[in-house]
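We did not get these values from a lab; they are worked out from the coordinates using the rules stated. What you are looking at is a predicted structure, and each value in this text was computed from that prediction instead of being measured. Reconstructed Cβ throughout: ideal geometry from the backbone, glycine too, with neighbour counts over all protein chains shown.
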Amino acid sequence: MKRLIPSILAALLLPQLFAAAVPEGESRRLLERQTGLLSARLLYGEAEKRWLAELMPEAAETLYSEMKRKPAECASRAAALKRMEPRFAELLAESYRDMAEHVLAPFREKFSAEQAAAFGQKSAQLIAEKQKKEFPATFEAARKRLVDEQRAELTDRIYPTETELEADDDAALTRKLLERFTARRKTPLWEELLPRLGTELVAPVLRSARAQQKRQLDLAARLEPDTRLWDPAAAEAELEQKLNAEIAGWKEEKRYALFPRTRQLIRSRAGRLPQERAIRALQKPAAAADYAALLARDPAAHADPAESFRQYEALSGRAALAAAAEQLAMPEQYRKTLETDAEVKRALARRFETLKPELQKHRNEFAARQLQERFPAVAGGSYRPSPEAIEAFRADPAKLPELPGEAAPGLLAESRTLLKQKLTGLLAAGNAELSAQLAAVDAEYDAVVAEMEKMQSSASSSWLARWFGSKNGAVDLETIRGSYGRRVLAAFHAGTERRYPELFPKAAAEIELRSRAILQRLNTPPEASEPSIPPPETVKTRVWRIRIDAEAEVLTIRLKERAFSGSLKPSEAEATEKRLTAEVVRALEELCDEAVQNTSAPQKLTVRLEVVGGRIYYRFVAELREALKNALKQTGASVEDGLRTGKAD
């Protein structure tokens with residue numbers, strides 16, 4: 001380029017030089033000035049372009065230094081912008097002048113001051129352009145450097161002590177550290193740093209501190225002293241040394257010394273070294289075959305499982321501790337503390353819990369043998385509880401008969417449980433047969449009542465004689481009862497093998513009551529049809545209906561708008577029947593007294609018992625009828641009941 005400039009200038013200037021006559025010496029000087037001027041203009045233009053494109057790192061350094069020197073005036077970002085923007089313009093102007101001076105220096109003697117001044121005509125425009133393009137980034141770089149430095153300075157002062165970290169939570173520490181900034185800081189904080197104090201300074205510091213706390217505690221719980229060490233002081237010193245060695249390798253801005261809790265944990269572990277080592281050395285218990293031998297040798301001493309387990313737990317625990325201490329080569333003075341230590345006891349208890357299933361298995365096997373040896377009939381299922389025991393079980397399933405030998409010593413609790421289960425099963429089977437007999441009683445009764453209602457108008461008992469198989473044609477209570485029982489047993493045994501071939505007392509009693517009811521109806525002739533003559537106006541008939549119902553094991557007796565009810569569960573049925581009978585009798589007495597007092601005319605008082613539905617003993621209906629008759633004798637009221645009743649239990 002430099003070689004081309006003289007040729008270009010010569011081509012441009014020669015015509016002008018030859019246009020007028022100029023002395024030879026003057027012509028040469030003129031050519032040199034014109035050539036120098038054109039060269040300067042070309043070089044200046046290129047230098048301006050480079051100046052405009054190149055960054056000014058020294059400007060960021062200057063802004064950084066001036067803001068740092070005047071922190072009070074520049075703490076606010078807005079105030080700093082206001083101060084630094086004109087200062088950046090000054091720096092650009094100085095830089096532009098330096099560039100211009102450097103480019104034009106070789107040409108100063110070749111042109112005049114006016115010509116030199118013409119070179120800077122676009123300086124203001126270029127400076128403004130460069131200012132707009134570079135100032136924001138330059139200012140940001142200077143501010144970031146200031147903020148980062150101040151953050152590092154503050155972080156160095158911010159770390160709380162080990163004691164503060166253990167005494168306060170994070171919220172309290174954050175407040176405390178922010179107050180500490182305000183008290184210690186002599187120069188104002190840069191505005192950009194204010195909202196970041198809590199999130200970017202305090203929070204990371206606390207996270208690091210808390211993480212170190214946890215790591216220290218984890219290591220303090222995990223590190224082990226030399227296995228030959230048993231003295232607490234020596235073990236504590238070695239644990240601290242190992243932990244400090246670990247901490248030294250942590251990559252943290254601030255590595256904390258041992259926290260008080262860490263030291264406390266180390267001291268506690270060193271003081272409990274024998275107990276901790278013994279707990280870890282406890283062997284998993286083997287199958288306790290010796291427990292079966294203990295049961296066989298003295299079953300009475302082990303009849304109660306809780307007491308038996310307590311004895312065996314103590315025995316096996318002592319053996320396990322002795323084995324652990326021997327394995328560890330533990331000095332004698334430390335072995336004495338093991339059995340009384342709470343943590344060791346808990347470890348032994350956990351160990352024993354894993355052994356319990358095996359022990360219980362031995363007990364169950366021994367109980368099965370005991371049952372077979374002492375109660376073979378019950379164990380084999382051939383034992384037949386008495387009918388009375390069956391009926392007592394039906395009334396109260398918790399009421400079981402006591403068997404010979406049951407109270408003898410040495411019977412395990414599990415053996416008693418097996419005996420109860422087996423006996424309950426046998427009683428339940430007997431109760432099922434009792435239910436079948438009562439169902440047959442109901443079915444035969446329903447059949448004979450239906451026939452009686454059909455034949456009742458004939459006023460003849462010959463059909464009943466045929467029904468019950470009377471040889472002489474007479475039908476009496478014995479005939480009815482005997483035939484009734486035979487028909488029930490025939491239905492009961494039909495196609496089924498029974499353990500109880502005879503009638504249960506409860507079934508026999510129900511047959512007795514219903515046989516009497518049949519005979520009573522048989523001996524009561526049907527009422528002759530009377531002419532439809534209206535009764536005298538002076539006689540008033542009053543009828544009270546008592547409706548009896550049994551549904552969902554609840555007995556309900558309704559009298560007018562009142563209802564009396566109670567449970568029919570086997571254990572409560574008898575008491576319910578007695579209570580309801582008394583309540584209904586009282587209610588009817590009140591009604592009869594009221595009826596007599598409220599009128600002086602003659603009255604006919606009638607009480608009718610009606611069974612609506614459900615499984616109801618005829619015995620109860622008969623007992624309720626007799627109770628009402630006895631109570632209402634003075635009033636002259638008659639008590640009637642229909643033969644048809646609900647099913648018996």
Across Lys356/Lys420; Lys49/Lys122; Lys176/Lys242; Lys578/Lys629; Lys70/Lys144, pairs whose alpha-carbon gap is larger than 22 Å: Lys356/Lys420; Lys176/Lys242
Ranked by Cβ crowding within 10 angstrom, fewest neighbours first, how are Val639, Val103 ordered? Val103, Val639
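Neighbour counts of other C-beta atoms within 10 Å: give me Thr354, Thr174 arranged from fewest to most.
Working: Thr354 10, Thr174 19.
With the fewest neighbours first, Thr354, Thr174 line up as Thr354, Thr174.
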Return the aspartates and glutamates within reach of Lys569: Cα separation strictly under 16 angstrom, same-chain partners fewer than 8 residues apart disregarded; answer none if there are no such residues. Glu391, Asp396, Asp549, Glu551, Glu553, Glu577, Asp649
Between Ala221 and Ala349, take the C-beta separation as r, use R0 = 30 Å, and let me know the FRET efficiency to the nearest 0.05. 0.85
Under Karplus coefficients 6.51, -1.76 and 1.60, residue-wise ³J(HN,Hα) of the range 500-515 in Hz, glycine/proline x: 10, x, 8, 5, 6, x, 5, 5, 4, 5, 5, 4, 4, 4, 6, 4
For the Glu402, Arg516 Cβ pair and Förster radius 51 Å, calculated FRET efficiency rounded to 0.05 is 0.90
Put a dot 7 Å past each Cα toward the Cβ at Arg261 and Arg280; how far apart are the dots in nm? 2.3
Whole-Å distance linking the alpha carbon centroid of the range 308-342 with that of the range 51-88 is 78
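Counting other beta carbons within 10 Å of each residue's own, what order do Asp290, Asp442 fall into, fewest first?
Listing Asp290, Asp442 from fewest to most nearby Cβ atoms yields Asp290, Asp442.
Counting pairwise Cα distances across the range 261-394, what percent come out greater than 22 angstrom? All intermediate terms of the calculation are to be shown ahead of the outcome.
Numbers: 4937 of 8911 pairs.
Distances greater than 22 Å cover 55 percent of the Cα pairs.
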Mind giving me the nanometre distance, one decimal, between the label points for Glu94 and Lys569, set 7 Å out from Cα along Cα→Cβ? 10.4
Which whole-Hz couplings ³J(HN,Hα) result when phi for each residue of the range 579-595 is put into the Karplus expression 6.51 cos²θ - 1.76 cosθ + 1.60, θ = phi - 60°, listed in order with x for Gly and Pro? 5, 5, 4, 4, 5, 5, 4, 4, 5, 5, 4, 4, 5, 5, 4, 5, 5
I'd like the per residue volume of the convex hull spanned by the Cα atoms of the range 344-407, given in cubic angstrom. 139
Distance in Å, no decimals, from the C-alpha centre of the range 543-559 to the one of the range 473-512 is 29
Check which residues have an amide H placed less than 5 Å from Val554's amide H, if you skip close sequence neighbours. Leu568
Can you grab the distance from the C-alpha centre of the range 360-430 to the C-alpha centre of the range 200-268, Å, no decimals? 64
Search the structure for amide H atoms under 5 Å from the amide H of Trp544, placed 1.01 Å from N in the peptide plane, and list their residues when 5 or more places away or on another chain. Thr606, Val607, Arg608
Starting from the 7 Å offset along Cα-to-Cβ, what nm value, one decimal, do you get for the label separation of Lys132 and Arg499? 11.1
